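**Q** Handing you a structure now.
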Amino acid sequence: MSSLYQLASPRQRWRKTRKTTCLRSCIFQDESGGGSFKTLSMKTAKFVEICEQIVKNKEFLEWLEAENFDLAFAHMFDVCTIGIIHATKIPSWIWLNSGSIMDYVAYLVGVPIIPSYVPPMMMEVAGEMTFVERTKSVIGHWLMKFFWKRLIADPETEVFRRVIHQDFPDLMDLASKCPLVMANTNDLYDMTRPLLAKVVNIGGVGMEIADKKPLPENFEKIMTESEGVVLFSFGSVTAAHKMPREWKIAFMEAFKQFPSYRFLVRYEKDDLNGTLLFYRDFT
């Protein structure tokens, strides 16, 4: 984990924690239901493990409290940062979501979740849901709340009660008092759902037409010679070249169904042959 505070030795600004081997290697595993749950449990256990390492770092917590910050930002993946904010007496905070508001964030802050037309974020559905899909939506929302509490929220609360104080508040109770949620999405692209005034979609904030610049020649050619362009990326954590070969073929076969469109794929290696994909490293 990186450290932003001043350590005793000015040379050492970071501390090496236990190497995480599964987060990258397990992403493209095709597993059964039982295997998938085992992998999920292993990944969420890493969140709890890292949380405990941070909470035990008294030097960091003392530094954070001494800085007297007025505002903090918490990430969406877990509630550890929310506990740290409370422990270090930071008076206000904002819950950041890197995309649409996460289901458990919506549930905790009081956003109405109506399963009949608001499906779980990870559910495969488009448009108006059928009766079967609505049934799956109800079950999916229940499973999300149950497993997220059991695998992340409760274990992290136990960490704070064991390390900080036995009467430390439940992290889900602290999360439910969130004053503001920022979601990196746009009202025009996000699915239709009820929201609260304290949930603000900030996707595209700061983008101005006046700031646009000409595209490089190779990209300009792609944009003008095709009916549309799709940017396909797994992000910076997941390396697309590590996908099983059959997965790559499946994606390319899917792209073939749209011959008038061009697909720009974030890909880290030069090991794809043919002209189906235009790929380059965007890092």
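Bear in mind these aren't lab numbers, they're just calculated from the coordinates by the rules spelled out. None of these values were measured; they are calculated from a predicted model. Every residue, glycine as well, gets a Cβ built from its backbone with ideal geometry; the counts of neighbours run over all protein chains shown.
**Q** For F232, list long-range residues whose amide hydrogen, built 1.01 Å from N in the peptide plane, is under 5 Å from its own amide hydrogen.
**A** Amide H to amide H, under 5 Å and 5 or more residues apart or across chains, F232 pairs with L264, V265, R266.
**Q** Also, I was wondering about something else. Using the basic label-point model (7 angstrom from Cα toward the beta carbon), what is the R150 to T39 distance in nanometres?
**A** 2.0
**Q** Ranked by Cβ crowding within 10 angstrom, fewest neighbours first, how are E133, E268 ordered? Before the final figure, lay out the partial values.
**A** Numbers: E133 18, E268 15.
So the ranking, lowest neighbour count to highest, is E268, E133.
**Q** Give me V125, V265 sorted ascending by neighbouring Cβ count inside 10 Å, so fewest comes first.
**A** Values: V125 15, V265 21.
Ranking V125, V265 by Cβ neighbours within 10 Å, fewest first, gives V125, V265.
**Q** Assign one of three labels to the range 71-112, namely rounded, prolate or oblate, based on the Cα gyration tensor with a ≥ b ≥ c the square roots of its eigenvalues; rounded applies when a/c is under 1.5, prolate when it is not and a/b is larger than b/c, and oblate otherwise.
**A** Values: a/c = 2.14, a/b = 1.87, b/c = 1.15.
Prolate, because a/c is 1.5 or more and a/b exceeds b/c.
**Q** Among D173, D211, which comes first, then next, by fewest other beta-carbon atoms within 10 Å? The partial results should precede the final answer.
**A** Details: D173 12, D211 7.
Neighbour counts put them in this order, fewest first: D211, D173.
**Q** Compute, for the range 22-201, the length of the dipole vector about the Cα centre, with Cβ point charges of +1 (Lys, Arg) and -1 (Asp, Glu) only. Units Debye, rounded to 20.
**A** Working: 17 positive and 22 negative charges, 62 e Å.
Its charge dipole is roughly 300 debye.
**Q** Find how much the distance from M223 to R193 grows on full extension, using 0.36 nm per residue of separation minus their present alpha carbon separation; answer in nm with one decimal. Intermediate results must be reported in sequence, preceding the final value.
**A** On the way: separation 30, 0.36 × 30 = 10.80 nm, distance 3.27 nm.
So the chain would gain 7.5 nm between M223 and R193.
**Q** So what are the radius of gyration and Dmax for the Cα set of the range 32-184, in Å?
**A** Rg, Dmax (Cα atoms, Å): 17.0, 55.
**Q** Based on the inverse mean of 1/r over its pairs of different Cα atoms, what is the Kirkwood hydrodynamic radius of the range 213-280, in Å? If you can, show how the numbers build up before the last one.
**A** On the way: mean 1/r = 0.0771 Å⁻¹.
Its Kirkwood hydrodynamic radius stands at 13.0 Å.
**Q** Continuing with this model, one more query. How big is the range 138-283 on each of its three principal axes, counting only the C-alpha atoms and giving the largest first in Å?
**A** Ordered largest first, the range 138-283 gives principal extents of 62, 42, 33 Å.
**Q** Starting from the 7 Å offset along Cα-to-Cβ, what nm value, one decimal, do you get for the label separation of S98 and F232?
**A** 2.1
**Q** Along the Cα→Cβ direction, 7 angstrom out, place labels at M123 and T135. What is the inter-label distance in nm?
**A** 1.3
**Q** Then there is this: Is the shape of the range 113-200 best called rounded, prolate or oblate, per the rule: a/c under 1.5 gives rounded, else a/b larger than b/c gives prolate, else oblate, with a ≥ b ≥ c the square roots of the Cα gyration tensor eigenvalues?
**A** On the way: a/c = 3.29, a/b = 1.68, b/c = 1.95.
The shape class here is oblate.
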